[in-house]
Amino acid sequence: MDLGAGAGAGPKPARGRLGAPSSGMRAPGTPWARFSAWLECVCVVTFDLELGQALELVYPSDFQLTDKEKSSICYLSFPDSHSGCLGDTQFSFRIRQCGGQRRPGHAGEKHGDSGAPASLQREPAHYFGYVYFRQVKDSSVKRGYFQKSLVLLSRLPFVRLFQALLGLVAPEFFDKLAPCLEAVCNEIDQWPAPAPGRTLSLPVMGVVLQVHIPSRADTPEPGPPEPSGHETLLPAPVVLPSVHELDLFRCFRPVLAHVQLLWELMLLGEPLLVLAPSPAVSSEMVLALTSCLQPLKFCCDYRPYFTIHDSEFKEFTTRTQAPPNVVLGVTNPFFIKTLQHWPHILRVGEPKTSGDLPKQVKLKKPSRLKTLDTKPGPCSSSPPGTQRQALGAGRGGQWGWHSQRGCPHPQSRARGPLPSPGLYTAYTAHLHRDKALFRRLLKGLQKKRPSDVQTAVLRRHLLELTQSFIIPLEHYMASLMPLQKGIVPWKTPPQIRPFRQDDFLHNLERSGPQLTCVLKGDWLGLYRRFFKSPHFDGWYRQRRREMAQKLEALHLEAICEANIELWMKDKSEVEVVDLILKLRERLVRAQGHQLPVKEATLKRARLYIDTAIGSLPKDLQAVLCPP
């Protein structure tokens, strides 16, 4: 396989030995069908002296990416700054799919998603990119440094699994290149589908990764996966405690004092800019923040790592309208200047992984952010007219001025003052801070409690906080469902009553979160703001859809429990045909797992359809049941 020169601004078509370009459809039994259940493709991005970041390879070679997607992957696969990034580093990004038909990666994908928690279902319109970047000195390269990234592109938010996979594959790939990559892709193509609720053994490169795929039926903290079978696995498997959960305590160490305030900002879908020193810190902080609401699905946009080259840069930085509901992770301080109008900006430093609690970031007013002037650094020898275009385009956790082609050299960067770490916001929390949680975590540090135990404490607190907030909404929503006794076989089922916010708030005093949560504060005000957020809209639409499906299933059960022959006695042929068509439609929906119906009900429905067809004249039977 040729891994020759790449492509920069307009990457050349992917090269590989496997198959010709296709429409991207993967039916069971076709090449790469199982691979597509996990990954969309694997990309290799390198640095070309003339072109900048270049897409060197896409594998399998028949996977189609648009030019805009290729460009985004190229820029997001390299850190903005290589200062402090010598060696290996891992991070992640998320990009919007650009047009084209969604690729149905696996035949059981829709069915599989139906059993997955809402927050872990496949992304229908976005790709996740999981990156392993290496930069090491190399005298054989003109600039003296080897710079390359291996990227896994997937629709699954399984950050922990894919980081572990990259940790196994990438070091070997950087030594052996294409042959290693092809062998790994073939191994992944033998993996079983990621069906919710299953514990799977995933062999790759002589190692077996054992993972549990979360299901809606799981307890909130299922613990390590149980063995997947009775056989003895040799070699002993590497057991991953989770496919998606990060070390929440390590991510939140510098902001533990404000974790509840950040939870409120996430709940309300507020725009938040996270400025971090590296893509690794940026992406982990953003993913940690968006996971705060579990089991509630995060319905806003979020970008774990974002650069000025992203195709949505203008959309997110415009001042002609209110800031979008997005959590944006960046490393380039140019965003501090560009997004000064955003209401919330979190500036964090390098994480401290051990010892005492690091200095907590302070709450600061947004007015404390000042436009910082910078002077060109050592890499400012760009042609006249290019500096303005390239402001901040440098790979910098510092202010960067770089030439149009970029200048990702570890020693070539501009320096400038940065705002001190802090949470810059004028927002006042609705709930009082849980000081007992902070003291408990601090005590855990003093006793050198393991980080995973601290994470469990923090995750449990956030889970209970979210559940306390959501349970009153769930109870009120359930009260809008028609009574089962009102669902009769041969009439249209009653409608779900509308959600009336004033009615809900009126009942909050006797059935509110204070019944399950010790925190005091303005819960009423928090709910009022929540009703205006994308998360309420997303939660309500999902719950109403589930209730409508339940109502339809109950109506089907009522029909199947009735005496169809008695009903047909005084009915016209048109009415009988109408019943047959409606039963068939619901049967199709139920078989597609869109209706929660028991198998016995489905059998009864098929029998009723046959009975109804048998009562019709032969010519109509021929129409309804063609040979």
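Just so you know, all these numbers are worked out from the coordinates, no wet-lab data involved. None of these values were measured; they are calculated from a predicted model. Cβ placement follows ideal geometry from the backbone for every residue including glycine, while neighbour counts extend to all protein chains displayed.
For the reader, a short list of remarks on this structure follows.
- For Ser511, net neighbour charge (Lys/Arg +1, Asp/Glu -1) across residues whose Cβ lies under 13 Å away: -2
- Distance between modelled label sites at Glu575 and Lys337, nm, 7 Å Cα→Cβ extension: 7.7 nm
- Residue-by-residue Karplus 3J(HN,Hα) for the stretch 119-133, coefficients 6.51, -1.76, 1.60, Hz, glycine and proline x: 6, 10, 6, 4, 7, x, 10, 9, 10, 9, x, 10, 10, 10, 9
- Inter-label distance for Arg449 and Glu509, nm, one decimal - labels placed 7 Å from Cα along Cα-to-Cβ: 3.8 nm
- Modelled FRET efficiency - R0 41 Å, Lys314 with Phe146, Cβ distances, 0.05 increments: 0.75
- Residue pairs exceeding 27 angstrom between C-alpha atoms, taken from Lys485/Lys571; Lys491/Lys598; Lys550/Lys618: Lys550/Lys618.
- Highest-first arrangement of 185-196, 36-47, 431-442, 611-622, where packing means the average Cβ count within 10 Å: 36-47, 185-196, 431-442, 611-622
- Residues of the stretch 527-553 falling in the label zone of Ile471, defined by backbone nitrogen less than 18 Å from a point 7 Å along Cα to beta-carbon, are 527.
- Sequence ranges 130-137, 460-467, 565-572, 145-152, ranked by mean other-Cβ count within 10 angstrom, highest first: 145-152, 130-137, 460-467, 565-572
- Protection proxy ranking for 247-259, 513-525, using the average of other Cβ atoms within 10 Å per residue and placing the highest first: 247-259, 513-525.
- With each label modelled as a point 7 angstrom along the Cα→C-beta vector, the Phe531-Ala236 pair spans 5.7 nm.
- When you work out D = kT/(6 pi eta Rh) for the stretch 448-537 at 20 °C and 1.002 mPa s, using the Kirkwood radius from C-alpha pairs as Rh and the Stokes-Einstein form, the result is 136 µm²/s.
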